[in-house]
1. At 0.36 nm per residue, minus the direct Cα-Cα distance, what do V44 and N30 gain on full extension? Give it in nm, one decimal, please.
2. Roughly what would the spin-label model give for E99 and K21, points 7 Å off Cα along C-beta, in nm?
Amino acid sequence: MCIIYRDFKNTFGEIFGDKLKSHPRGYDKNFKDIDLIKHMHYAVLKKINNDFRFNTNLHDNISKVIKAQYEFNKYLNTIIKNQMEISGLNKLSAKKEEEFIKNNFGL
């Protein structure tokens with residue numbers, strides 16, 4: 001498990017949403033984070049208690065949550081971008097890129 005996902009998981013817990021039954025086309029089924037890219041949709045929940053809301057470090061707490069979301073999203077985008085480059089699809093028009101993602105990830 002990558003450190004970015006570990007931070008994300010520590011912040012949000014599990015990812016909810018529909019998942020592919022097998023790995024997306026073009027990805028090695030033994031890829032270390034294959035379970036992350038099997039998701040067709042990502043939904044997470046962050047429970048906020050009074051300690052979080054009324055803490056004097058509220059700004060820092062919110063920043064940590066946003067950073068965990070941002071870093072995880074950036075990581076997922078990197079996985080997709082790398083696969084597109086490996087597949088020779090890194091110079092696609094926006095429409096072709098959308099098609100690639102739809103065909104490979106069922107989105």
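Read the figures in this text as sums done on the coordinates, not as results from a lab. Owing to the predicted nature of the structure, the values given are computational and were not obtained by experimental measurement. When we count neighbours, we look across all protein chains shown, and the Cβ atoms used for this are built from the backbone with ideal geometry, even at glycine.
1. Computed gain between V44 and N30 is 2.5 nm.
2. A separation of 2.7 nm, rounded to one decimal place.
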